[in-house]
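This report concerns only the one structure given below.
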Amino acid sequence: MTILDPVRFLTKNMRVDLELIAGMIAPGARVLDIGCGDGSLIDHLFQTKGCDARGIEIDMAEVTRAVAHGLPVMQGDADIDLEHYPDGAFDYVVLSRALQAVERPRAVLRQMLRIGTRAVVSFPNFGHWLVRWQLVATGRMPMTETWDRPWHETPNIHPCTIRDFFILCEEEGYVVEQWLAADEGGRRAPWRRFIRMANLFGEQGLFLLRHR
Amino acid sequence: MDQPATRADPAASFSHSHVAFDDGLALECGTTLRRHTVAFRSYGTLNAARTNAILVCHALTGDQYAAERHPLTDKPGWWEAVVGPGKPVDTGRFFVICPNVLGGCMGSTGPLSNRDAPDGSETDEPWGTDFPPVTIRDMVRAQKRLIDHLGIARLFAVLGGSMGGMQALQWAALYPDSVFAALPIASASYHSAQNIAFHEVGRQAIFADPDWQNGQYWRSGRIPARGLAVARMCAHITYLSEEALTLKFGRRLQNAPKDSTEAISLFGEMFEVESYLRHQGSTFVQRFDANSYLTITRAMDYFDLGADCGGDLAMAFKGTKTRFLLASFTSDWLFPTAESRSVARALNRAGANVSFVELPSDKGHDAFLLDEPDFHRTLAGFLRGCAVHAGLGG
């Protein structure tokens with residue numbers, strides 16, 4: 001059995017989601033990327049769309065890397081630091097593959113839609129067929145390409161499915177302006193109309209939300 | 001500190017490059033200095049559009065000799081690790097200005113300068129402790145005179161560590177349109193009770209020295225060297241960390257100096273850390289004026305930018321377009337990360353563009369002066385990013 005380094009923070013491959021998320025953001029917008037890692041997305045948004053893009057990242061080494069690349073990133077925690085931003089400070093607030101790792105996902109979403117007009121949220125889909133199959137077949141917590149850490153080592157403390165997320169948006173009164181399911185490589189899954197199919201075959205969900 | 005020092009004015013014999021202003025500087029305390037001098041050094045070349053200037057603000061006991069050998073001490077500049085050709089603050093690219101603060105003792109107006117007579121004429125007697133109590137804001141307003149004099153409408157960046165960071169914050173709050181980027185490093189928006197307490201110990205050490213003579217030590221020609229050295233020793237401990245002291249000295253012993261007449265020599269030996277602190281104290285009194293030390297420590301103590309804005313620091317930066325970098329060091333207990341973080345949060349509340357990072361170091365507060373690769377990469381990268389946004393190229 002391999003012993004993994006303890007995981008405190010998410011590691012993620014921003015390149016996968018970058019194009020999909022950038023596709024939802026208007027040129028010249030004010031953007032806050034929560035959990036921005038080394039700042040690839042904010043760099044991309046500035047370089048290709050002229051956005052005023054900023055970032056928050058919890059991992060100090062990533063923050064240092066981002067600032068050393070000239071990107072406006074501050075060390076902070078999504079669960080704590082969003083409350084310090086004024087209402088409507090941003091056009092878009094992005095939370096890419098981090099919803100499942102925050103302490104209070106619902107509160108974080110509320111903060112995102114308080115400080116931003118729109119929220120872009122992506123998360124790995126726990127409803128994917130392979131995840132379901134492994135749980136049913138082995139009776140153990142799934143281990144897939146996306147869910148790749150043992151249950152006791154994972155930072156993903158709040159996994160959810162695409163259906164779960166739709167229900168949360170309904171409860172909270174958010175309008176889903178766009179949504180899509182995609183695989184790990186960032187390729188869109190074709191299940192645009194059928195949420196249940198997207199929930200079965202999408203490895204991740206990506207949503208553009210606003211207040212009702 | 002073993003030798004009685006007699007030089008009352010370490011700067012008197014040397015002419016520092018400076019600009020003199022005689023149109024009056026109104027201070028926060030209500031007094032107006034009829035005339036004042038800003039001594040400064042510059043490095044690099046100002047571009048034709050005058051858009052590449054960086055103001056470097058020094059800390060409590062720093063001075064304008066940031067990036068060159070000091071003319072009086074013959075030691076390397078205090079920020080040669082950071083400022084110079086190809087360094088994080090690249091003088092091949094930027095025009096770097098470093099002034100001596102108001103209240104200082106390296107040529108800028110301070111307690112060593114000759115006082116104004118009540119009728120406004122200049123006397124040949126130093127201000128001494130009658131020098132008006134100046135504030136960080138007064139220092140910044142004196143610096144603004146210099147920047148205006150140099151014909152610079154907007155500074156590309158204002159940068160400083162510790163008290164220099166207080167000045168950078170004050171610059172951004174007072175002259176937001178004149179500061180494209182502000183970089184308060186290892187700093188805070190107010191001086192904490194603990195920091196004021198340490199300063200008070202230092203001041204009391206100076207007051208307790210009979211050679212202080214109520215601040216009029218120029219009359220006797222003897223300076224309060226012992227008191228000032230103790231103040232420096234006490235302060236110096238706060239600039240380090242327990243880890244740094246342990247690594248550097250541990251509990252190692254060394255023989256006491258032969259000429260020492262002090263009680264400690266009865267034991268025949270002393271700890272290396274004691275010797276180090278004594279050395280710090282004795283070299284400090286050769287270059288620094290005790291009344292300046294009193295004046296500047298008080299200016300730091302008074303500093304509370306949030307209180308100046310009705311208790312909400314965010315109000316100091318409302319609507320600012322300035323880009324900020326807050327940086328702190330893990331082992332700095334004098335200006336701990338929490339203080340930089342609270343400034344960063346206030347800037348968030350103001351909607352400002354802020355980068356904030358805590359850098360790993362075991363060197364304590366002094367880390368900002370030392371060879372810290374992460375810090376230097378961060379600094380260089382931040383300035384490079386700002387240069388793109390300021391239209392100065394990447």
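The values are calculated or read from the model by the stated rules, or taken from the named source; none is laboratory data. All of these numbers come straight from a predicted model, not from anything done at the bench. As a convention, Cβ positions derive from the backbone with ideal geometry for all residues, glycine included, and neighbour counts pool all protein chains shown.
Looking at region B:187-197, is at least one residue in a strand (DSSP E or B) and either touching a residue at least 24 places away in the same chain (Cβ under 8 Å) or of a type outside the set (A, V, I, L, M, F, W, C) (or both)? Show your work before the answer.
Of region B:187-197, the ones in a strand (DSSP E or B) are B:190.
So of that shortlist, the ones also either touching a residue at least 24 places away in the same chain (Cβ under 8 Å) or of a type outside the set (A, V, I, L, M, F, W, C) (or both) come out as B:190.
Yes, because at least one residue in region B:187-197 is in a strand (DSSP E or B) and either touching a residue at least 24 places away in the same chain (Cβ under 8 Å) or of a type outside the set (A, V, I, L, M, F, W, C) (or both).
Any idea which residue in region B:145-181 is farthest from B:Leu46 (Cα to Cα), counting only those that are hydroxyl-bearing (Ser, Thr, Tyr) and not in a helix (DSSP H, G or I)? Walk me through how you get there before you give the answer.
Of the residues in region B:145-181, the ones hydroxyl-bearing (Ser, Thr, Tyr) are B:162, B:175, B:178.
Then drop every residue that is not not in a helix (DSSP H, G or I), which leaves B:162, B:175.
Values: B:Ser162: 26, B:Tyr175: 20 Å.
Once the filter is applied, the top-ranked residue is B:Ser162.
Among (1) in contact (Cβ under 8 Å) with a residue 40 or more places away in the chain; (2) touching a Cys at 6+ places or on another chain (Cβ under 8 Å); (3) within 14 Å of chain B (Cβ to nearest Cβ); (4) closer than 29 Å to A:Arg149 by Cα, there is one condition A:Ile56 misses while meeting the rest; what is its number?
The number of the failed condition is (1).
Restricting attention to region B:385-394, and to residues there that are part of a helix (DSSP H, G or I) and surrounded by fewer than 20 Cβ atoms within 10 Å (Cβ to Cβ), which single residue is nearest to the other protein chains (Cβ to nearest Cβ)? Lay out the reasoning, then the answer.
From region B:385-394, those part of a helix (DSSP H, G or I) are B:385-389; that's our starting set.
Within this subset, residues satisfying the condition of being surrounded by fewer than 20 Cβ atoms within 10 Å (Cβ to Cβ) are B:388-389.
Values: B:Val388: 7, B:His389: 9 Å.
It comes out as B:Val388.
Considering each of A:Gln204, A:Gln134 in turn, give the residue that is surrounded by 13 or more Cβ atoms within 10 Å (Cβ to Cβ) and in contact (Cβ under 8 Å) with a residue 60 or more places away in the chain. Show your work before the answer.
Numbers: A:Gln134 fails: in contact (Cβ under 8 Å) with a residue 60 or more places away in the chain.
Matching residue, one of A:Gln204, A:Gln134: A:Gln204.
Say whether the condition of being assigned by TED's automatic domain parsing to the domain that holds B:Ala117, of a type in the set (D, E, K, R) and part of a loop (DSSP other than H, G, I, E, B) is met by at least one residue in region B:38-45. I'd like the intermediate steps shown before the answer.
We begin by selecting, within region B:38-45, every residue assigned by TED's automatic domain parsing to the domain that holds B:Ala117; these are B:38-45.
After this cut, where a residue has to be of a type in the set (D, E, K, R) as well, the list is B:41.
With the extra rule that they be part of a loop (DSSP other than H, G, I, E, B), the set shrinks to none.
Checked against the condition, which is being assigned by TED's automatic domain parsing to the domain that holds B:Ala117, of a type in the set (D, E, K, R) and part of a loop (DSSP other than H, G, I, E, B), region B:38-45 yields no hits at all.
Do any strands (runs of 3 or more DSSP E) lying entirely in region A:85-194 carry at least 1 residues that are modelled with pLDDT of 95 or more, closer than 30 Å to B:Leu313 by Cα and polar (S, T, N, Q), and which ones are they? Spell out how you get there, then give the answer.
Numbers: elements: A:90-96, A:116-124, A:174-182.
In region A:85-194, A:116-124 are the strands (runs of 3 or more DSSP E) which contain 1 or more residues that are modelled with pLDDT of 95 or more, closer than 30 Å to B:Leu313 by Cα and polar (S, T, N, Q).
With B:Ser292, B:Ser342, B:Ser328 as the choices, which residue is modelled with pLDDT of 95 or more and over 21 Å from the mean Cα position of the chain (by Cα)?
On the way: B:Ser292 fails: over 21 Å from the mean Cα position of the chain (by Cα); B:Ser328 fails: over 21 Å from the mean Cα position of the chain (by Cα).
Testing whether each residue is modelled with pLDDT of 95 or more and over 21 Å from the mean Cα position of the chain (by Cα) leaves just B:Ser342.
Might you check whether a residue that is more than 14 Å from chain B (Cβ to nearest Cβ), under 17 Å from A:Gly37 (Cβ atoms), touching a residue at least 12 places away in the same chain (Cβ under 8 Å) and of a type in the set (A, V, I, L, M, F, W, C) occurs anywhere in region A:63-73? Give the steps one after another, and end with the answer.
Keep residues of region A:63-73 that are more than 14 Å from chain B (Cβ to nearest Cβ), which gives none.
Checked against the condition, which is being more than 14 Å from chain B (Cβ to nearest Cβ), under 17 Å from A:Gly37 (Cβ atoms), touching a residue at least 12 places away in the same chain (Cβ under 8 Å) and of a type in the set (A, V, I, L, M, F, W, C), region A:63-73 yields no hits at all.
Quick one: count up the residues across region B:338-384 that are more than 9 Å from every other protein chain (Cβ to nearest Cβ) and either without any contact (Cβ under 8 Å) to a residue 24 or more places away in the chain or assigned to a strand (DSSP E or B) (or both).
2
Listed residues B:Ala173, B:Ala181, B:Ala188; which is modelled with pLDDT of 95 or more, in contact with a Lys or Arg (Cβ under 8 Å, 6 or more places away or on another chain) and over 14 Å from B:Thr297 (Cβ atoms)? Let's see the steps before the verdict.
On the way: B:Ala173 fails: in contact with a Lys or Arg (Cβ under 8 Å, 6 or more places away or on another chain); B:Ala188 fails: in contact with a Lys or Arg (Cβ under 8 Å, 6 or more places away or on another chain).
On inspection, the qualifying residue turns out to be B:Ala181.
Somewhere in region B:205-224, is a residue under 20 Å from the mean Cα position of the chain (by Cα), assigned to a helix (DSSP H, G or I) and not assigned by TED's automatic domain parsing to the domain that holds B:Ala307? Working first, answer last.
First pass over region B:205-224, keeping only residues under 20 Å from the mean Cα position of the chain (by Cα): B:206.
When the remaining residues are screened for being assigned to a helix (DSSP H, G or I), the result is B:206.
Now restrict to residues that are not assigned by TED's automatic domain parsing to the domain that holds B:Ala307: B:206.
Yes, the conditions are met somewhere in region B:205-224.
Counting only residues that are out of contact with any helix residue (DSSP H, G or I) (no Cβ under 6 Å at 6 or more places or on another chain) and of a type in the set (S, T, N, Q), which one in region B:88-129 is modelled with the lowest pLDDT?
Looking at the filtered set, the residue picked out is B:Ser121.
Consider B:Ala307 carefully, then state whether it is more than 11 Å from chain A (Cβ to nearest Cβ), within 22 Å of A:Gly39 (Cα to Cα), surrounded by fewer than 20 Cβ atoms within 10 Å (Cβ to Cβ) and in contact with a strand residue (DSSP E or B) (Cβ under 8 Å, 6 or more places away or on another chain).
Numbers: more than 11 Å from chain A (Cβ to nearest Cβ): yes; within 22 Å of A:Gly39 (Cα to Cα): no; surrounded by fewer than 20 Cβ atoms within 10 Å (Cβ to Cβ): yes; in contact with a strand residue (DSSP E or B) (Cβ under 8 Å, 6 or more places away or on another chain): yes.
No, not satisfied.
Looking at region A:83-91, can you tell me whether even one residue there is at the interface with chain B (Cβ under 9 Å from one of its Cβ atoms) and among the hydroxyl-bearing types (Ser, Thr, Tyr)?
Looking through region A:83-91, at least one residue is at the interface with chain B (Cβ under 9 Å from one of its Cβ atoms) and among the hydroxyl-bearing types (Ser, Thr, Tyr).
Among the residues that make up region B:317-327, is at least one of them within 19 Å of B:Leu60 (Cβ to Cβ), away from chain A (no Cβ under 14 Å) and hydrophobic (A, V, I, L, M, F, W, C)? Break it down into steps so the answer makes sense when it comes.
From region B:317-327, those within 19 Å of B:Leu60 (Cβ to Cβ) are B:327; that's our starting set.
From the residues that got through so far, the ones that are away from chain A (no Cβ under 14 Å) too are none.
No, there is no match, as no residue in region B:317-327 is within 19 Å of B:Leu60 (Cβ to Cβ), away from chain A (no Cβ under 14 Å) and hydrophobic (A, V, I, L, M, F, W, C).
Could you run through region B:295-314 and say how many residues are within 14 Å of the chain's Cα centre (by Cα) and not polar (S, T, N, Q)?
Residues meeting the conditions: 6.
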